[in-house]
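Note sheet for the following structure.
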Amino acid sequence: MGSGVAVAALFTLSLLLVSYEVDSAIGVNWGTVSFHKLRPSTVVDLLKANKITKVKLFDTNPDALRALMGTGIQVMVGIPNEMLATFNPDLFVQQNLSRFIGKNGADIRYVAVGNEPFLTSYGGQFQNYVVPAMVNLQQSLVRANLANYVKLVVPCNADAYEANVPSQGTFRPELTQIMTQLVSFLNSNGSPFVVNIYPFLSLYGNSDFPQDYAFFEGSSHPVPDGPSTYYNAFDGNFDTLVAALTKLGYGQMPIVIGEIGWPTDGAVGANLTAAQVFNQGLISHVLSNKGTPLRPGSPPADVYLFGLLDEGAKSTLPGNFERHWGIFSFDGQAKYRLNLGLGNRGLKNAKNVQYLPSRWCVAHPSRDMTLVGDHLRLACSAADCTTLNNGGSCSQLGEKDNISYAFNSYYQMQMQNEKSCDFDGLGMVTFLDPSVGDCRFLVGVTDKGLPSSAKPMARWSIYHICIGVVILTLTM
């Protein structure tokens, strides 16, 4: 790897003096791991309506890139970790960059080489591929005359560094060599260090973590560090990285926040109020240009909120909250008031969303539900039932409402296919919205034409769920 970096340096000597000055902005992560995907053009219109000028993708989805062409929105695309060992860099540049970049094209500024490839839980399986992939890809960018325009970055999880107090920050010992190579490469090519910071996860994973320290309102548990005092987790985490970079000789390297946010459901502490307070506090903090104790007056170069939309098909292995990070719900509707500092006082909803017909699948009112367990397991193993769990917005539903929610989630995921609401006769379709309080029973959306099975049928049984049944949370 060391010789590879040296070879790359020969191609990049002309870039050594590239300025780190960039236009700071609030961007968003556009993830697409969803059962109900909006048309890319609808999402791009949503970005434009909210004056969002920077977006981060996790792949090189051609439909998304085509929709972004001619918009002037700056784009970061990504190479999944699983591809790092095998992808062809010349082919990647040709198929995913060159054909989209140009006059009235997609404004692709960054390629993320992997996503958190040094994450502790990966056990090192990707880390040896990162620098060789960057070196080879940089050479391909040079050959394609894109090296001065498209920069390579590696979004890192904050677990790549550690310290008791921020000023003592260092990279994990097993990463010292590779991080030295990585930051040298970034510096030589005018790229920032990209890090994902999640105060919510610190709070979620540690019952002793002071709740107010996760936010930006000031803390009753500040962290003293020599002459400095830290009043929020973001500043402390950011400066721990600054200290780690300084120890490698790159204390002035620009830092971009690749992911940061707060979920609205799926766990205790994940709710609309907390998400609004955190994200608004973050935006106000960053745009104030106050900076941090180790970088006063110098906030992150850019901050990408995680995320734009809820992703109902994401893995729940980290927690049920994984499906609820969006500032917009899956259908592009704002969850709460948020001023992004981009000219609008609040969020604007997506328009021209193509919903499935307004109908829901619910538990049949006159059927015995004794044997419903297997059906619930089927529905919730395939569809999203995370809001039913402890701390979720639907966790206080009664027994039949629980069943109805699970049935409906499966029914909508199956694009309202008639047979998907059967459940051996235990389910039925209604035209009346069964949502209860803050618990929303969704109607799916589609990015394609409606399937024939979702067209309106001649006859329907109409049933309205009665509110006020005995509260009984099912174990699923």
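Miscellaneous remarks
- Positions within the range 194-221 being in a loop (DSSP other than H, G, I, E, B), touching a residue at least 60 places away in the same chain (Cβ under 8 Å) and not β-branched (Val, Ile, Thr), in sequence order: Tyr198, Phe215, Phe216, Glu217
- Pick from the range 352-391, criterion assigned to a loop (DSSP other than H, G, I, E, B) and of a type in the set (Asp, Glu), ranking: farthest from Asp331 (Cα to Cα): Asp368
- Single condition Lys351 does not satisfy, out of (1) more than 26 Å from the chain's Cα centre (by Cα); (2) among the basic types (Lys, Arg); (3) surrounded by fewer than 16 Cβ atoms within 10 Å (Cβ to Cβ): (1)
- The one condition in (1) under 23 Å from Asp265 (Cα atoms); (2) assigned to a helix (DSSP H, G or I); (3) basic (Lys, Arg) that Lys348 fails to fulfil: (2)
- Asn339 vs. criteria at pLDDT 95 or above, touching a strand residue (DSSP E or B) at 6+ places or on another chain (Cβ under 9 Å) and in a loop (DSSP other than H, G, I, E, B): no
- Residue match in the range 314-321 (condition: part of a helix (DSSP H, G or I), out of contact with any strand residue (DSSP E or B) (no Cβ under 6 Å at 6 or more places or on another chain) and open to solvent by 20 Å² or more (accessible area, probe 1.4 Å)): yes
- Some residue of the range 39-50 being touching a strand residue (DSSP E or B) at 6+ places or on another chain (Cβ under 8 Å) and part of a loop (DSSP other than H, G, I, E, B): no
- Output for the range 387-412, where each listed residue is over 11 Å from Cys361 (Cα atoms) and either touching a His at 6+ places or on another chain (Cβ under 8 Å) or of a type in the set (Ser, Thr, Tyr) (or both): Thr387, Ser393, Ser395
- Residue match in the range 283-301 (condition: within 23 Å of Pro318 (Cβ to Cβ) and either crowded, with 17+ Cβ neighbours inside 10 Å or among the acidic types (Asp, Glu) (or both)): no
The values are calculated or read from the model by the stated rules, or taken from the named source; none is laboratory data. Given the structure is predicted, the values throughout are model-derived calculations rather than measurements. Counting neighbours? That spans all protein chains shown, and the Cβs are built from the backbone with ideal geometry, glycine included. Only protein heavy atoms, including side chains, enter the accessible area calculation; ligands, DNA and RNA are left aside. Shrake-Rupley method; radii C 1.70, N 1.55, O 1.52, S 1.80 Å.
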